[in-house]
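Note sheet for the following structure.
Derivation of every value follows stated rules applied to the coordinates shown; laboratory data play no part. Predicted model, so just to flag it, every value in this text is computed and none were measured. When we count neighbours, we look across all protein chains shown, and the Cβ atoms used for this are built from the backbone with ideal geometry, even at glycine.
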Amino acid sequence: MRVGADVGTAVRFGLEVAALSPTSEESQNTFLTQPTRAERSKLPNVEGRLRVRWGGDTDVPGELSVGGHYGWFATTGDTLIVSKAPR
C-alpha cells in the first residue's frame, strides 16, 4: 500500500509513504517453499520519500528527493534484525 500527496504549483513538494510485503533474497526450493526470514518477522517493510519538483512546460523540469527504507528479519528465537537504508 502506498500513499502520497503533493502541494504547490510552480514548486511542488511531495511525500510518499509505503508499507510493503516483507521480502529477502533467500533462495527457495521450486516445489517446497518456506517463509523467508523477512516473512517470519511478520512485519511489513516501510519506505518513504520526500521530494521537491520544479519546472514544467516552459522551464527545464527538475526533482530533488530523499528517501529511506526500514524492515525486519527474524532470527533464532524471537529476535529481530533491523534493515534500514537512506536513499
Can you find, within segment 11-31, the residue that is surrounded by the most Cβ atoms within 10 Å (Cβ to Cβ) among those that are of a type outside the set (S, T, N, Q) and in contact with a helix residue (DSSP H, G or I) (Cβ under 9 Å, 6 or more places away or on another chain)?
Pro22
Selection count where residues are of a type outside the set (A, V, I, L, M) and touching an Asp or Glu at 6+ places or on another chain (Cβ under 6 Å), scope segment 1-35:
4
So which residues in segment 49-63 are in a loop (DSSP other than H, G, I, E, B) and within 30 Å of Ala85 (Cα to Cα), if there are any at all?
Gly55, Pro61
Just a yes or no: is a residue in segment 36-54 surrounded by fewer than 10 Cβ atoms within 10 Å (Cβ to Cβ) and either within 17 Å of Leu15 (Cα to Cα) or touching an Asp or Glu at 6+ places or on another chain (Cβ under 7 Å) (or both)?
no
Quick count over segment 55-80, residues being over 24 Å from the mean Cα position of the chain (by Cα) and either within 16 Å of Arg12 (Cβ to Cβ) or surrounded by 13 or more Cβ atoms within 10 Å (Cβ to Cβ) (or both), is 7
